[in-house]
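Accompanying notes for the structure given below.
The values are calculated or read from the model by the stated rules, or taken from the named source; none is laboratory data. Only a predicted model underlies this, so the values are computations on that prediction, with no experimental measurement involved. For neighbour counting, all protein chains shown are included, and Cβ atoms are generated from backbone atoms with ideal geometry for every residue, glycine included. SASA here: full protein model, heavy atoms, side chains in, ligands and nucleic acids out. Shrake-Rupley method; radii C 1.70, N 1.55, O 1.52, S 1.80 Å.
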Amino acid sequence: GVEDESYDAVLMSYVSGSIPTESLSNLYRNAFSALRSGGVILIHDFFVDNDGKGPTKAALWALAHVTVNPDGMGLRPRRIVQLLTDQGFVSPKVDDMIPKTTQIIVATKPNV
């Protein structure tokens with residue numbers, strides 16, 4: 001396994017949308033444990049806007065991805081930010097990565 005507090009960063013690119021929704025909290029909890037204080041988690045994926053109305057490319061990807069992950073939730077930034085803060089991450093920031101297609105969420109494990 002991974003030792004606690006052994007990494008400065010955890011990158012998850014196209015991971016969160018590929019696992020069942022009920023597994024996300026545990027995934028982020030494990031990332032929190034693996035990070036040193038001040039470490040960051042970076043989550044890159046196809047995110048549908050919080051209102052569910054777009055962007056079109058991300059929505060089409062989410063729809064097509066149902067065949068891979070029928071228990072997925074169709075990722076929305078607000079929901080992922082909530083899951084991260086529930087695990088203890090702070091200062092989440094959402095930015096476009098590939099405009100109108102993917103986004104990245106970066107959050108920090110607080111210094112203790």
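Looking only at region 1-23, which residues are at pLDDT 95 or above, open to solvent by less than 40 Å² (accessible area, probe 1.4 Å) and not polar (S, T, N, Q)?
V10, M12
Would you point out which residue out of R36, R79 is touching a residue at least 40 places away in the same chain (Cβ under 8 Å) and out of contact with any helix residue (DSSP H, G or I) (no Cβ under 8 Å at 6 or more places or on another chain)?
Of the residues listed, the single one that is touching a residue at least 40 places away in the same chain (Cβ under 8 Å) and out of contact with any helix residue (DSSP H, G or I) (no Cβ under 8 Å at 6 or more places or on another chain) is R36.
When you check A58 against the structure, is it within 16 Å of V15 (Cβ to Cβ), open to solvent by less than 90 Å² (accessible area, probe 1.4 Å), at pLDDT 80 or above and in a helix (DSSP H, G or I), yes or no?
Considered against the rule, which asks whether it is within 16 Å of V15 (Cβ to Cβ), open to solvent by less than 90 Å² (accessible area, probe 1.4 Å), at pLDDT 80 or above and in a helix (DSSP H, G or I), A58 comes out as yes.
Within region 85-104, is there a residue that is modelled with pLDDT under 95, out of contact with any Lys or Arg (no Cβ under 9 Å at 6 or more places or on another chain) and outside any strand (DSSP E or B)?
yes
For region 39-55, name all the residues that are surrounded by 13 or more Cβ atoms within 10 Å (Cβ to Cβ), farther than 14 Å from I80 by Cβ and without any contact (Cβ under 8 Å) to a residue 60 or more places away in the chain.
Listed by number, the list holds a single entry, P55.
Only one of these conditions is not met by R36: (1) within 29 Å of G1 (Cβ to Cβ); (2) open to solvent by less than 50 Å² (accessible area, probe 1.4 Å); (3) over 14 Å from the mean Cα position of the chain (by Cα); (4) not aliphatic (A, V, I, L, M). Which number is it?
(2)
Which of the residues spanning region 61-84 are in a loop (DSSP other than H, G, I, E, B), over 15 Å from Q103 (Cα atoms) and modelled with pLDDT of 85 or more?
Within region 61-84, none qualify.
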